[in-house]
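Input: a single structure, listed below in structure tokens.
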Amino acid sequence: MDLIVSTDRGLYCAAGDFHIDPWRPVPRAIITHAHSDHARFGSEVYVCHRDTAPILRKRLGDVTIETATYGQILTRNGVEISFHPAGHVLGSAQVRVVSKGETWVASGDYKVESDGVSPTFEPLRCHAFITESTFGLPIYRWRPQAETFASIDAWRRENIAAGRASILFAYALGKAQRLLAHVDAELGPIVCHGAVEAINALYREAGVVLPPTRLATDPRTAIRGEHKRDFSRALIVAPPSAAASPWLKRFGDYSDALASGWMQVRGNRRRRGLDRGFALSDHADWPGLIAAIEATGAERILVTHGYTEALTRYLREKGLDARALTTAYGDDEDVGEGEAPAEGEGGAPTEPEA
Amino acid sequence: MKAFAALYRRLDSGTSTRAKQAAMVEFFAAAKADPTQWASAAWTVYFLSGGKPRQTAPSRLLWRLAVEGSGYPEWLCAECYGAVGDVAEMLSLLLPEGMGGEEVSLDVWMRERLLPLPSLAEEERYARLKQWVEELATDERLAFFKLITGELRVGVSRLQVVKALAEVASVDEGRMAQRLIGYSQARRIPTAADFEALIGEVLRAEAQALDAGKPYPFYLAQSWSRPIAEMLPALGPPSNWIIEWKYDGIRAQLLKRGENWRLWSRGEELISDAYPDLEPLARALPSGTAIDGELVVLIPPEHEFATDSLDGLAIFASLQQRLGRKIVSEKTKRELPVAFIAYDILESEGRDLRTEPQHVRRALLEGLIERLFAEAKMRGERLPIRISPTVSADTWEELAEKREQARALTREGLMLKARDGAYGIGRRKGGDRTDVWWKWKLDPMSVDAVVIYAERGHGRRSGVYTDYTFAVWSAGEEAGARELVPFAKAYSGLSDKEIREMDAIVRRTTLETYGPVRSLTPTQVFELGFEGIAPSKRHKSGVAVRFPRMLRWRRDKPIAEADTLDALKALLAGGGR
């Protein structure tokens, strides 16, 4: 029997009797990262990287959490479990499982480009690699992130020159902080939506340096002697769910944009009806996926959520033993961001409103 | 090419109208200042205003480039195409990074490179394409492939192009719109002189426009779809309006300048040759006249008739039989004679009348047609022209009742034109303005139908299942065995949110995939509206509907309760066209 299999409750390791990122309540859940499609409510014990714990607690409330650092080996029923950087968001980890000389790695979500906020993805040699495939088509090839941040800054300068606010929608956990760490903070004040500001605090506590941010209601934004506030130089970072909501009214004249890997394709950009779309993702692009898979040296590849079929077939044609693995990932928050195609096939994102 | 590609990227990068406007103004102003750029700028205007050269490389060469250039198997390229929905964009995302070479102007790209491409042998064409792609910078690729596939829509309307050019040339929008007419005709090769004529001195450009027999830009109506109760407060009493029927014909402008006459369609195509029936009318018109109206098939009665008599008006299907024919036989002219229903006059004795109030223009038009009729009668001739009759009533409610007769009269509804309004340009977004033209169409016919197939859309709907085939039941629920009979395809009427929901449902309920089409387990019912219905031998259902679109998602309705073919066919008898 395989060391890790997909069950109706999640990925399961029978030898060690634990689940990885289960989508239903289980006794012992190993968590790769705190996005809500990977970390769901109801399990008895959660095991995750130290930096994931505070976020998990914020999202799931008072649950039982055991933590580990990167590389630290936990042993259970003779099975070794360890966390290794996945480069996706703060605390995100690949889970390495070793039993009787056989090594499996479950990637969770990952990206290979270093984002300067979370520890860089670390390739691990293994016999079997369970990989995501969110952007598993060759059209997804990210520009170097410096270029994307430069275009975001340029967009913002245009807005400042025109006297309007810049509203940038980005997923509250991970993407938002990555943006904050890289945009030009000298251009003007940075205002964050409450959902983003809450995660910022956790990042700062974990030692990540972010520029000063404030809430929309912060008195420093007020114009002296008036009831109005001035956001004309501000960058406002908000989750995509705030798009087209009344919360935006306070910002007066603004230009809006979304930072998401799906913005690579014009159709997705135009469907959103926003002024701009920046292709920036915390998931690996196609070259990233292929490089990561090759680096593991694994002879068996199990492909989860995303363009599963396309990536599986491509790997098989290259002579690897690749199979699709059905999971329930990629249909929760990531979709809110517009970052997950419909389950198990090469379509476009279904993008329900977040 | 770099400047054009940069403009294309700017226009394409977002949805903000003001940003697009600024980008165009900047581009044209820079071009204006540098005569060496005029030819390329002329091409830019051509593309942005809807011009389409023929495709210079066939799809199979582009696909070969995708497969050989990327090194990926064909099926994977097809997957990519599915996610992108556009060959040009797929290629620009799929091919390896470009190096960027010498700058070649858009004009040279078009005239010396792309347009001659079709005359070369296949291998030579492929070799050139391959080499060009390597020489282009990555960020020039999308615009380049778009030049080849000829689909350069970047979400700018013609009116926006007119505005930008008008600003750069410092002329009013009306003049610019007129200068642009005919500019984007197929197979045209724009030149530096064309751009100069657009942005150059007024007199010269106008003289050219008149010589060319160009029409005035058409004034288009907005849809009035608010309830009757809101008409009085928003529009005032009906007496403020000139009210006419809305015809189901071809909108056209008839021009007579000197001895020459021309008939222009709303799509700015010159269609005089297809309607030689109008020759006697054109001969009778005084020089310096432009009239706006509708082409219809009208079989004149034997007896005497008034200038506004529509006796003998045929259904649209009759006119359809004349569309697309280059040579019109005597038989066709006899059996399907066309006439011009005039409803506006834009030029008289060479004078532009567009700023005159609607009622003044109407009076002039009536006078002209009375005179033409009288003169023709003396010659023993009957002219194929009528004046569009007016419809009057004291209240909007009374008008609404009259509007109901439209379907039986083979008309689409009513037109409301402000008595004091000028003749504008294009379609104005009026809001509460009262000087616009409103079309007040009949409510569409509708049935509740079931979605049974879905296809992916294109453009901003690319990659998402947005085009659906609808079916009704072959018999009522009481019949034991019955099946769903497809009768229409529709893709409009849903919000973006609803599209995303439907896309998810399509993926979840797919039975089989045939190329781009998926057959579905029927689960969803929509109220499908359409403008007309006619018997059809081509369709399995035996009917063909016009302009089908989704009016409402009937989430409340189980598929068993969708309408039947009999219910659909009953609409045929009820005044369908």
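Brief remarks follow.
- Residue in the range A:317-340 that is away from chain B (no Cβ under 13 Å), at pLDDT 85 or above and part of a helix (DSSP H, G or I) present: no
- Residue in the range B:118-126 that is among the hydroxyl-bearing types (Ser, Thr, Tyr) and part of a helix (DSSP H, G or I) present: yes
- Elements of type strands (runs of 3 or more DSSP E) contained in the range B:516-577, each with 3 or more residues being in contact (Cβ under 8 Å) with a residue 24 or more places away in the chain and touching a helix residue (DSSP H, G or I) at 6+ places or on another chain (Cβ under 9 Å): B:532-535, B:543-546
- Filter result for residue A:91 (more than 14 Å from chain B (Cβ to nearest Cβ), farther than 30 Å from residue A:251 by Cα and crowded, with 18+ Cβ neighbours inside 10 Å): yes
- In the range B:18-34, the residue that is nearest to the other protein chains (Cβ to nearest Cβ) out of those that are in contact with a helix residue (DSSP H, G or I) (Cβ under 7 Å, 6 or more places away or on another chain) and either surrounded by fewer than 19 Cβ atoms within 10 Å (Cβ to Cβ) or of a type in the set (A, V, I, L, M, F, W, C) (or both) is B:23.
- Residue B:321 meets all of the listed conditions (1) modelled with pLDDT of 90 or more; (2) over 22 Å from residue B:183 (Cα atoms) but one, namely (1).
- For the range A:285-302, the candidate set comprises residues that are within 14 Å of chain B (Cβ to nearest Cβ) and not aromatic (Phe, Trp, Tyr); within that set, the residue that is surrounded by the most Cβ atoms within 10 Å (Cβ to Cβ) is A:289.
Matching residues to (1) in contact with a helix residue (DSSP H, G or I) (Cβ under 8 Å, 6 or more places away or on another chain); (2) closer than 23 Å to residue B:15 by Cβ; (3) surrounded by 14 or more Cβ atoms within 10 Å (Cβ to Cβ); (4) at pLDDT 90 or above:
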position	(1), (2), (3), (4)
A:217	no, no, no, no
A:225	no, no, no, no
A:230	yes, no, yes, no
A:235	yes, yes, yes, yes
A:242	yes, yes, yes, yes
A:247	no, yes, yes, yes
A:259	yes, yes, yes, yes
A:266	yes, yes, yes, no
A:274	no, yes, yes, no
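- Hey, residue B:363 modelled with pLDDT of 95 or more and in contact with a helix residue (DSSP H, G or I) (Cβ under 7 Å, 6 or more places away or on another chain) or not: no
- Close pairs (7 angstrom Cβ cut-off, 6 or more residues apart or separate chains): over 21 Å from residue A:158 (Cα atoms) in the range A:261-280, polar (S, T, N, Q) anywhere: A:261/A:281; A:262/A:268; A:267/B:462
- In the range A:112-154, the residues that are in contact with a strand residue (DSSP E or B) (Cβ under 7 Å, 6 or more places away or on another chain), aliphatic (A, V, I, L, M) and away from every other protein chain (no Cβ under 14 Å): A:124, A:128, A:130
- Residue in the range A:170-188 that is out of contact with any strand residue (DSSP E or B) (no Cβ under 8 Å at 6 or more places or on another chain), without any contact (Cβ under 8 Å) to a residue 24 or more places away in the chain and more than 26 Å from residue A:55 (Cβ to Cβ) present: yes
- Here residue A:255 meets each of (1) more than 10 Å from chain B (Cβ to nearest Cβ); (2) surrounded by 21 or more Cβ atoms within 10 Å (Cβ to Cβ); (3) outside any loop (DSSP other than H, G, I, E, B) with one exception, condition (1).
Matching residues to (1) within 26 Å of the chain's Cα centre (by Cα); (2) more than 29 Å from residue B:572 (Cβ to Cβ); (3) at pLDDT 90 or above; (4) surrounded by fewer than 18 Cβ atoms within 10 Å (Cβ to Cβ):
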| residue | (1), (2), (3), (4) |
| --- | --- |
| B:480 | no, no, no, yes |
| B:488 | yes, no, yes, no |
| B:495 | yes, yes, no, yes |
| B:500 | no, yes, no, no |
| B:520 | no, no, yes, no |
| B:531 | yes, no, no, no |
| B:537 | no, no, no, yes |
| B:544 | yes, no, no, no |
| B:547 | yes, no, no, yes |
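- Scanning the range B:58-80 for residues that are within 12 Å of another protein chain (Cβ to nearest Cβ), within 21 Å of residue B:132 (Cα to Cα) and assigned to a helix (DSSP H, G or I) yields a total of 5.
- Residue selected from the range B:432-466 under the condition within 14 Å of another protein chain (Cβ to nearest Cβ) and farther than 16 Å from residue B:508 by Cα, by the criterion modelled with the highest pLDDT: B:457
- Residue A:235 being touching a Ser or Thr at 6+ places or on another chain (Cβ under 6 Å), outside the structural domain of residue A:119 (by TED's automatic domain parsing) and in contact (Cβ under 8 Å) with a residue 40 or more places away in the chain: yes
- Where residue B:120 falls short, out of the listed (1) of a type in the set (A, V, I, L, M); (2) touching a residue at least 60 places away in the same chain (Cβ under 8 Å); (3) surrounded by fewer than 16 Cβ atoms within 10 Å (Cβ to Cβ): (2)
- All conditions in (1) more than 20 Å from residue A:153 (Cα to Cα); (2) free of Cβ contacts under 8 Å to residues at least 12 places away in the same chain; (3) away from chain B (no Cβ under 14 Å) hold for residue A:230, with the sole exception of (1).
- None of B:97, B:89, B:102, B:140 is assigned to a loop (DSSP other than H, G, I, E, B) and in contact (Cβ under 8 Å) with a residue 40 or more places away in the chain except B:97.
- Note on the range B:1-17: residues that are outside any helix (DSSP H, G or I) and in contact with a helix residue (DSSP H, G or I) (Cβ under 7 Å, 6 or more places away or on another chain) total 2.
- All positions within the range A:265-284 that are in a helix (DSSP H, G or I) and more than 7 Å from chain B (Cβ to nearest Cβ): A:268, A:269, A:272
The values are calculated or read from the model by the stated rules, or taken from the named source; none is laboratory data. Here the structure is a predicted model, which is why all the values come from computation and not from measurement. Backbone-built Cβ (ideal geometry, glycine too); neighbour counts: all protein chains shown.
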